[in-house]
Structure formats: structure tokens, C-alpha cells
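Each remark here refers to the structure printed beneath this line.
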Amino acid sequence: MVKERARILVVGGGYVGMYTALRLQKKLKREIKRGQVEITVVSPDPYMTYQPFLPEAAAGSISPRHVVVPLRRVLDRCRVVIGEATAIDHGKRTATLSTLATEEEGTGTEELAYDELVLAPGSIARTLPIPGLAEHGVGFKTVEEAIGLRNHVIEQMDIASSTRDPAIRDAALTFVFVGGGYAGVEALGELEDMARYAVRYYHNVDADDMKWILVEATNRILPEVGEEMGTYTVTQLRRRNIQVLLETRLESCADRVAVLSDGQRFPTRTLVWTAGVKPHPVLAATDLPLTPHGRLKCTAELTIEGAAHAWAAGDAAAVPDVTADAPGTLTALNAQHAVRQAKILGDNIAHSLREEPLQTYAHKYVGSVASLGLHKGVAQVYGRKLKGYPAWFMHRVYHLSRVPTFNRKARVLAEWTLAGLFKREIVSLGSLEHPRAEFELAAGGKPPHDPKGSN
């Protein structure tokens with residue numbers, strides 16, 4: 001039993017935020033019923049996104065609503081606040097919040113007091129001051145970006161099929177991805193696979209007309225699966241006529257022309273930026289200790305160094321890897337660690353409230369799996385290397401086992417089964433992004449969507 005009433009604030013509704021709150025619900029069930037513990041989860045979205053499924057959602061293999069988990073349903077014993085923490089004063093135990101209501105009311109931010117703090121805001125895309133990137137680039141971290149990109153790719157094929165201008169056609173059929181990590185390679189692999197299938201239904205567009213380009217600043221891609229598997233992935237992508245440009249940087253994408261450091265220029269209407277992530281800005285607006293890279297300094301028990309009653313894990317935290325041989329090694333920033341850290345984090349908060357000993361987070365990285373499109377993949381698990389169909393199958397099995405809730409598992413499995421029996425869907429629903437366009441036009445206004453100006 002906890003010694004005194006505790007207000008727990010969880011900042012972030014991603015892997016760590018949702019799984020930690022879920023664990024606290026379970027471990028502190030009796031205390032919550034008695035009113036001794038109150039859990040508040042602050043998240044900018046009312047759902048958790050299972051990001052490893054974003055490429056398949058973009059390719060149409062999974063419905064977008066099955067890639068997300070509604071927080072209010074799974075966190076039924078927590079108070080869920082849709083908004084963002086803009087600043088945290090841990091010395092005073094207060095967080096400054098901006099919610100949808102505060103924006104509507106025009107009253108500014110509000111302060112929320114807490115006793116225990118869990119900082120799990122995740123990360124955001126790491127961008128560079130490249131001319132034209134803010135205007136023409138698109139990221140790949142949210143389900144909205146994934147579905148928007150799918151609609152956009154099919155829309156570009158429609159434009160190429162209907163235009164009589166060779167320059168517009170060439171730009172519409174050129175797709176540039178910057179970043180050779182998981183997000184970039186899997187997104188490119190799945191979307192190229194989808195477009196190659198869809199092109200058979202276009203009478204005047206051929207698969208060879210499309211240019212798919214992967215730009216990576218280092219000398220290898222997919223470092224998580226090892227050098228050998230990374231080299232294999234490059235070979236497989238090039239066999240699919242995908243240009244893989246290593247040790248190459250994007251210099252500019254102004255005027256919808258991708259200019260690379262090797263001098264090549266590609267007129268394009270599609271530029272996907274997946275070149276890394278950086279800590280969430282809220283970390284800099286706290287009085288908590290940070291590393292030179294802007295992440296929270298944490299202990300192996302997932303407490304924040306020098307700050308009592310403050311906890312962190314996931315992308316926002318620099319957590320020591322106690323299983324590593326080299327001292328000072330930190331755990332990798334991936335879902336494998338985030339989900340396991342959340343379990344220990346939830347347990348340790350419960351232990352702390354009950355004045356029990358804390359557990360140490362110790363998990364040896366077992367390997368990585370990556371999909372390169374339907375029936376194609378690479379994997380390195382427990383030192384064993386897999387290629388092609390076995391790796392792709394392992395990718396699906398692993399992530400199906402990790403996606404939260406039985407409901408989501410069943411729905412995803414059903415969709416995969418149906419996808420194996422029927423043909424792919426190749427419909428673009430880009431109009432969903434502008435649902436009032438037709439009505440505004442009918443009412444005498446101007447539609448907000450101009451195909452010539454779309455990304």
C-alpha cells in the first residue's frame with residue numbers, strides 16, 4: 001500500500017507513455033480504486049501510433065485505424081488530456097500545458113501539479129536548414145503522414161498519366177527519399193512495391209518510367225541489421241531499379257528540384273525526409289539534467305539523475321546499457337527497448353510509492369528485422385542472418401506479437417489474410433485531407449487544394 005496520495009503525470013502517449021500508464025493501472029489497481037493514486041496522461045494525440053506498421057499502412061496492407069491504439073479505451077483508469085506540455089518546473093512539481101480548450105478559450109496555458117513525473121514525449125524529425133525542405137518535404141513519423149504519402153504517390157501517377165508536359169510527367173514520377181535508416185528504407189520499399197503493382201492499371205505509365213531514389217549521407221544503410229545485411233539490402237534495392245546513393249547529401253530542394261552533393265539534380269514533386277530524429281523540444285524547457293545531445297540523464301533504474309520523483313525512458317532518455325561490455329554505452333533508441341523500459345518504469349514507480357527496492361533495466365539487444373516490400377525483407381536476430389521471404393515473415397510475426405491489445409492483433413491478422421486472397425487496393429483518398437473543398441466550391445468559394453501545388 002502506498003504511504004500517501006500520489007498524483008502521477010505521464011507526459012507523452014507513445015510507446016513509453018502508454019505502456020507505462022498501462023502498467024501503472026495494473027500494478028496500482030487497488031490504490032486507484034481507493035483514490036490514493038491518480039494518473040494523468042498528457043498526449044498531443046488521442047491515440048498511440050505503432051510506428052513499425054506505418055510503411056504497411058502507406059502501402060495499403062493495413063488500415064490506418066489499426067495502426068493506432070485509442071488511449072481512452074486502453075487507459076480507462078487514467079485521466080487522458082489531449083494537449084502538450086510546453087514547460088516543466090520540477091522544483092515546483094508543476095507542468096505547463098496547452099490544450100485544445102485553452103486555445104479555444106484564448107486564456108493561454110494552464111498549470112498542472114503533480115507528485116511523480118514520467119517524461120516520455122518521444123522525439124521529432126531532425127531537419128537541417130536545407131533550402132526548400134520546409135516547403136516541399138514530408139516526414140514519415142505519423143499515421144497522417146503515411147496515409148498522406150500513399151495518396152500523394154497515387155495522385156502523382158494520375159498526374160503523369162494525364163499530362164502532356166514531359167517535364168511535369170518526369171517530376172511526378174520521381175520519388176526521392178532522404179535517410180537510409182528503418183523509416184526511409186521500409187517506406188521506400190513498401191511504396192515502390194505498391195506503385196509497381198498499381199502501374200499495371202495505367203495505360204500509358206510503365207514501371208520503368210518511375211524513378212525511386214534513396215539518398216544516404218553515410219556509406220551504408222540499415223546499420224541496425226549489420227554491414228552484411230545492409231550491403232545485401234542495397235543490392236536488392238538496385239535490382240528493383242531503385243537508385244541508392246551512398247555518401248551523398250541533399251543540398252537543396254528549392255523549386256521542387258532535389259540537388260545532391262554529387263552534382264545530380266532531380267526535378268521531383270515528392271521528397272520524403274527520414275534522416276534521423278532529435279529530442280522533443282519540451283526537454284529543453286525543463287529544469288532537469290540533459291546530456292550534450294539534449295536527452296535526459298537517466299539511471300539504470302530509469303530515474304532522472306539528481307531529480308527525485310522524476311522518471312524517463314524511450315527516445316527522450318539516455319539510459320545506461322548495463323548489458324554492454326563498454327562502459328558508458330547507452331541503450332538504442334528503438335521500440336524494442338522502449339516497450340521493455342516502460343514495463344520496468346511502471347513497476348519501479350509502484351515500488352517507489354510502496355518504498356520497495358527498484359529494479360535495474362537490463363535487456364540485451366537481440367537483433368533487428370526490416371521489411372523491403374511484400375515478401376521481401378532482411379533480419380539479424382541472435383546473430384543469425386535472414387533474407388527474403390523468411391525475414392519478411394519474421395518481421396510480420398514479431399510486430400504482430402508486439403502491437404498492443406488483442407483487438408489490434410486480430411484485426412491486423414485478418415487484414416493480412418484478406419490481402420493474401422484479394423488484389424491490392426490502389427485508390428487515392430487525397431480528398432479526405434480537404435473534406436470541405438467541394439462544398440466551398442459549390443458555395444462560391446475557391447477550393448483550397450491545387451493539384452499543381454501539391455507536394
On the formula 1/(1 + (r/R0)^6), with r taken between the Cβ atoms of Thr218 and Ser252 and R0 of 25 Å, the FRET efficiency rounded to 0.05 is 0.80
The range 272-398 accessible area per residue, 1.4 Å probe, protein heavy atoms, integer Å², reads 44
Mean Cβ-within-10 Å packing, highest first, puts peptides 202-209, 83-90 in the order 83-90, 202-209
With the 1.4 Å probe rolled over protein heavy atoms, the range 1-77 has an accessible area per residue in Å² of 40
Once both label points are put 7 Å beyond Cα along the C-beta direction, the Thr235-Leu290 separation in nm becomes 4.4
Simple SL model, points at 7 angstrom along Cα→Cβ for Arg126 and Arg73; separation in nm is 3.5
With all protein chains present, the range 42-137 has a carbon and sulfur share of its accessible area (1.4 Å probe) in percent of 50
By accessible area (1.4 Å), largest first, Glu186, Glu111 order as Glu111, Glu186
Once normalised by the length of the chain, the mean sequence separation of its alpha carbon contacts under 8 Å that are 6 or more apart gives a contact order in percent of 18
Between Lys92 and Ala437, Cβ-based FRET efficiency (R0 60 Å, step 0.05) works out to 0.80
Of the listed links Lys297/Lys385; Lys92/Lys364; Lys211/Lys409; Lys29/Lys343; Lys343/Lys364, those spanning more than 26 angstrom between alpha carbons are Lys297/Lys385; Lys92/Lys364; Lys211/Lys409
Options (1) 79, 27, 18; (2) 36, 27, 19; (3) 40, 26, 21 for semi-axes √(5λ) of the Cα gyration tensor in Å; the value derived from the coordinates is listed as (3)
Taking 0.36 nm per residue of separation between Val381 and Arg411 and subtracting their Cα-Cα distance, the length gained on full extension comes to 8.1 nm
The extension gain from Glu425 to Gln243, computed as 0.36 nm times the residue separation minus the Cα-Cα distance, is 62.9 nm
With a 1.4 angstrom probe the carbon and sulfur portion of accessible area for the range 147-303, in percent, totals 50
Judged on accessible area alone, 1.4 Å probe, highest first, Tyr382, Tyr47 line up as Tyr382, Tyr47
Here the gain from full extension of Ala207 to Ala101, 0.36 nm per residue of separation minus their alpha-carbon distance, amounts to 33.3 nm
Helix-only [θ] at 222 nm, the chain, -39500 (n - 2.57) per DSSP H run of 4+, per residue, nearest 500, equals -10000 deg cm²/dmol
For the chain, percent of DSSP beta bridges that are antiparallel (nearest 5) comes out at 50
So for the range 188-280, using the alpha carbon gyration tensor with a ≥ b ≥ c as root eigenvalues (a/c under 1.5 gives rounded; past that, a/b versus b/c decides prolate or oblate), I'd call it oblate
Note to self: with every protein chain in place and a 1.4 Å probe, the range 157-220 gives an accessible area per residue in Å² of 39
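The values are calculated or read from the model by the stated rules, or taken from the named source; none is laboratory data. Keep in mind the model is a prediction, meaning the values are calculated, not measured. Glycine gets a Cβ as well: all are built from the backbone with ideal geometry, and neighbour counts include every protein chain shown. Just the protein is used for accessible areas: all its heavy atoms, side chains included, with ligands, DNA and RNA removed. Shrake-Rupley method; radii C 1.70, N 1.55, O 1.52, S 1.80 Å.
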